[in-house]
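Written below as structure tokens is the structure these notes are about.
We did not get these values from a lab; they are worked out from the coordinates using the rules stated. Model, not experiment: these values are computed from the prediction. Please note: Cβ atoms are built from the backbone with ideal geometry, for glycine as well, and neighbour counts cover all protein chains shown.
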Amino acid sequence: MMPMNRIYSFERQPYLRELEVEVLRVQEDSGAWTAILDDTILYPEGGGQPSDRGRLNEVVVSHVQKTSDGLLHVLESPVEPGAVRLVVDWDRRYDHMQQHTAQHILTRTARDRQSWETRSFHIGAEVSDIELDCRPPRPAEIEALEDAVAKIIVEARPIRGFRVNQEQFAALDVRSRGLPAGHQGEIRLVEIEDFDLNTCGGTHLASTSEVEIVKIVGSEPLRGGCRVFWVAGKRVRRRLASHDRTMAELRKLLDIGDAEMVSGLGSRLEQLQEARRARRGLERRLAESIVRELSSAESAGLVDLHLEGLEAGLLRPVAEGLAKQGGRRAVLLTAEGEAGIQFALVTGDESGLDLKAAGAATAEILNGRGGGSGKVFQGKAESLARRSDAVNLIRELLS
Ligand SMILES: [Zn+2]
């Protein structure tokens with residue numbers, strides 16, 4: 001069994017991208033392969049930082065996790081025990097180092113300037129977050145926080161990680177939320193020169209300058225405190241580029257300049273609402289007119305009508321309007337539009353038609369299903385290919 005507090009190469013040399021290692025043990029558990037190595041440059045998931053990924057020769061290492069046996073490297077296929085070349089997915093790792101180091105600076109700055117303590121942090125795939133013991137910060141506070149963080153970045157302060165024993169730890173002024181219960185042995189510290197000293201086992205940059213920039217992108221209340229979302233380093237550039245692409249597409253689509261985008265879009269949405277209201281009014285009138293027209297049609301037998309496209313939404317109001325009329329005839333309505341194919345069978349009081357039986361038979365012919373009682377049977381259909389069969393059947397049932 002490996003000691004839990006041993007030093008792996010990712011801790012000593014966070015910039016090491018490749019390392020010759022020895023595969024000590026390979027295990028298969030229901031199709032999943034794991035390996036234990038004599039050393040590793042892959043950081044295991046922990047302390048808010050996600051696991052690294054990499055390759056053992058050509059085999060993909062998709063995840064690394066801490067276990068009581070050591071660091072388990074989860075593999076996509078098996079490897080042979082012996083010497084292999086371990087390579088870290090450097091883009092992913094460097095991104096994590098930027099986000100993680102940014103978190104140290106943010107946490108310390110929030111504490112020094114506002115006495116806001118960090119309760120937890122988490123590096124996400126797109127944005128990262130810290131949980132603070134305060135209400136969500138106001139815009140001016142966010143800007144002040146970002147300015148203070150930028151100052152530390154520009155000062156290019158050296159960062160180093162090192163270990164101390166319990167005695168040395170007690171004598172230092174370390175920012176810490178307390179060691180885990182029962183912690184024994186050495187303690188890993190991370191120092192940003194003349195700025196911050198805290199306990200951390202993660203991977204960090206060598207200088208604050210490598211963080212490039214930290215941008216807070218949102219906040220929300222959480223458990224009596226708040227969660228602040230942010231991006232750092234290359235993610236800021238990537239995010240800006242993505243927003244610029246979106247703006248360019250919007251400019252092209254809407255023919256509105258950036259400065260007028262929000263007000264311009266607002267008035268277009270108002271126009272759309274107005275058009276929708278007008279359309280609903282027209283549909284109502286059209287439905288009424290169809291009902292009137294049908295009421296003066298055949299007084300007995302079957303009337304059938306198909307509504308298509310924009311008119312498809314009229315099926316329900318037309319069916320409801322017809323249901324109010326009595327009489328000896330029945331009406332079959334079908335419609336095909338955005339909501340798919342629908343049908344309705346409406347019958348007068350004196351038609352003599354068994355609505356439920358005729359409705360169910362129509363549904364079966366149209367490969368659909370539906371239900372109804374009283375005067376209307378409504379349903380959805382798969383196909384109108386046999387519509388004329390349904391018409392013939394209802395005519396027979398009526399005669
Ligand atoms: Zn850290």
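Per-residue Cβ neighbour counts within 10 Å put Ser267, Ser176, Ser128 in the sequence Ser267, Ser176, Ser128, beginning with the fewest. By the helix-only formula, in which each DSSP H run with n ≥ 4 contributes -39500 (n - 2.57) and the sum is divided by residues, the chain has a 222 nm mean residue ellipticity of -11500 deg cm²/dmol.
What is the range 250-399 by shape, rounded, prolate or oblate, if you read a ≥ b ≥ c off the alpha carbon gyration tensor as root eigenvalues and call it rounded for a/c under 1.5, prolate for a/b larger than b/c, and oblate otherwise? Taking the square roots of the gyration eigenvalues as a ≥ b ≥ c, the range 250-399 is prolate.
For the pair Lys380 and Ala206 in one chain, pulling the backbone fully straight at 0.36 nm per residue adds 56.1 nm over the alpha carbon distance. Comparing mean-square fluctuations of Glu155, Glu76, Glu293 from a GNM of the chain with C-alpha springs under 10 Å, the top value falls on Glu293. FRET efficiency for the Tyr15 to Val262 pair, using the beta carbon distance and R₀ = 45 Å, is estimated at 0.55. Taking the Kirkwood radius as Rh and the Cα radius of gyration as Rg, the range 140-265 has a ratio of Rg/Rh equal to 1.14. Given their separation in residues at 0.36 nm each and the Cα-Cα distance between them, Asp349 and Glu288 gain 19.9 nm when the chain is fully extended.
Grab the Cα-Cα distance for Glu396 and His243, subtract it from 0.36 nm times how many residues apart they are, and report the gain in nm with one decimal. Intermediate results must be reported in sequence, preceding the final value.
On the way: separation 153, 0.36 × 153 = 55.08 nm, distance 6.38 nm.
Length difference between fully extended and current span is 48.7 nm.
In the chain, the C-alpha radius of gyration followed by the widest Cα-Cα span (Dmax) gives 34.6, 102 angstrom.
Toward the positive end of the charge dipole of the chain, with +1 on the Cβ of Lys and Arg and -1 on the Cβ of Asp and Glu, the farthest Cα among Pro78, Ala206, Leu332 is that of Leu332.
In terms of its C-alpha gyration tensor, the range 165-232 has an oblate overall shape, because the principal axis ratio a/c (a ≥ b ≥ c, square roots of the eigenvalues) is not below 1.5 and a/b does not outweigh b/c. Of all DSSP-defined beta bridges confined to the chain, some 90% are antiparallel rather than parallel.
Specify whether the C-alpha gyration tensor of the range 205-263 places it in the rounded, prolate or oblate class, a ≥ b ≥ c being the square roots of the eigenvalues: rounded for a/c under 1.5, otherwise prolate if a/b is larger than b/c and oblate if not. Don't skip to the answer; put the middle values down first.
Details: a/c = 3.88, a/b = 1.49, b/c = 2.60.
In terms of gyration-tensor shape, oblate.
Remark: Glu320, Glu220 ranked as Glu220, Glu320, counting other beta-carbon atoms within 10 Å and listing the fewest first.
Using the 10 angstrom Cβ neighbour count as an exposure proxy, how do His306, His73, His243 rank, fewest first? Don't skip to the answer; put the middle values down first.
Values: His306 15, His73 28, His243 10.
Ascending number of Cβ neighbours within 10 Å: His243, His306, His73.
Put a plus charge on the Cβ of each Lys and Arg, a minus charge on the Cβ of each Asp and Glu, and nothing anywhere else: the dipole of the range 239-329 about its Cα centre is then about 280 debye.
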